[in-house]
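The values are calculated or read from the model by the stated rules, or taken from the named source; none is laboratory data. The structure displayed is predicted, hence computed values, not measured ones. Cβ placement follows ideal geometry from the backbone for every residue including glycine, while neighbour counts extend to all protein chains displayed.
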Amino acid sequence: MPASKSKQSLPKESDQTDSDSEPVEGGKEPHKVNPGNLFVLTGPSGVGKNTIIDRVLAEAGGIVESVSVTTRKQRESERDGVDYFFTDRESFEKMKKQNHFIEHAEFAGNYYGTPRNWVENRIREGLDVVLVIEVQGAKQVKKQFPSSILIFLAPPCMDELEKRLRSRATEPEDVIAMRLDKAGQEMKERDVFHYEVVNEDVDQAVNNVLSIVYAERCRIRP
């Protein structure tokens, strides 16, 4: 689990703040905090997104991974507010109607969503935020946050991706076939993204993502 995550409560509308400055003593002018960047990392299942982002979070500093809201049942090893914000379907539907999510999706009968307030507050505090989500969610984010930086993590080839999925030995053949078919469709949407990183060598892939993070921090923005 990335060290950058910490125990938190389910994000609320009241969690927002109107100030982007840090108070200082003695009546001096407050220090202006430059907002952070919003990164999106996506790619086919089995490509190594979590492995890559855990390394990036540990090495870059000043960047946190968004904690999603989900209606999925909490597992014994998971911590509320760290791995996910766990809630029920009724509460999730209410949050969705009130536009509390940057993006949301349903998978295997459960809802998942990225909490808007949580992400916007971290960016306002000067932190970079990374979302590790699927391609469809990344497209939703791009519409709502045109300045977000989208990174597509790709396998060296489909044969290698299939090998990785099978090596996990956690899913039946029909699920693997479904994931491979979906991966083929996702690979066709790479032009939606700003960067592509091929995960053939983990160390190199991590270095490439880190380079993107550092370069975007140096970008001159209007």
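Which of the residues belonging to segment 102-123 are assigned to a strand (DSSP E or B), closer than 20 Å to Pro35 by Cα and not aliphatic (A, V, I, L, M)?
Within segment 102-123, Thr114, Pro115 meet the criteria.
Scan segment 162-177 and give yes if some residue there is within 18 Å of Lys49 (Cα to Cα) and in contact with a strand residue (DSSP E or B) (Cβ under 9 Å, 6 or more places away or on another chain), otherwise no.
No, every residue in segment 162-177 fails to be within 18 Å of Lys49 (Cα to Cα) and in contact with a strand residue (DSSP E or B) (Cβ under 9 Å, 6 or more places away or on another chain).
I'd like the residue in segment 144-159 that is surrounded by fewer than 12 Cβ atoms within 10 Å (Cβ to Cβ) and modelled with pLDDT under 90 and, out of all such residues, is nearest to Ser211 (Cα to Cα).
Top of the filtered list is Cys157.
So which of Val33, Val67 is among the β-branched types (Val, Ile, Thr), surrounded by 14 or more Cβ atoms within 10 Å (Cβ to Cβ) and under 18 Å from the mean Cα position of the chain (by Cα)? Even if it seems obvious, please write down each step before you answer.
Details: Val33 fails: under 18 Å from the mean Cα position of the chain (by Cα).
That would be Val67, the only listed residue that is among the β-branched types (Val, Ile, Thr), surrounded by 14 or more Cβ atoms within 10 Å (Cβ to Cβ) and under 18 Å from the mean Cα position of the chain (by Cα).
Among the residues of segment 213-222, what is the count of those that are surrounded by fewer than 18 Cβ atoms within 10 Å (Cβ to Cβ), under 15 Å from Leu57 (Cβ atoms) and of a type in the set (A, V, I, L, M)?
0
Identify the single condition in (1) part of a helix (DSSP H, G or I); (2) surrounded by 14 or more Cβ atoms within 10 Å (Cβ to Cβ) that Gly126 does not satisfy, given that it satisfies every other one.
(1)
When you go through Phe39, Phe101 one by one, which is the residue that is buried (at least 17 other Cβ atoms within 10 Å of the Cβ), free of Cβ contacts under 8 Å to residues at least 40 places away in the same chain, under 26 Å from Lys182 (Cβ atoms) and among the aromatic types (Phe, Trp, Tyr)?
Phe101
Any residue in segment 188-211 that is under 14 Å from Ala58 (Cβ atoms) sitting within a Cβ distance under 7 Å of a residue that is basic (Lys, Arg)? List the pairs, counting only those 6 or more apart or interchain.
Within 7 Å, the pairs are Val206/Arg55.
Met95 versus (1) over 21 Å from the mean Cα position of the chain (by Cα); (2) assigned to a helix (DSSP H, G or I): which is the lone unmet condition?
(1)
Quick check on my filter: what residues within segment 59-72 are assigned to a loop (DSSP other than H, G, I, E, B) and either of a type in the set (Asp, Glu) or without any contact (Cβ under 8 Å) to a residue 24 or more places away in the chain (or both)?
Matches in segment 59-72: Gly61 only.
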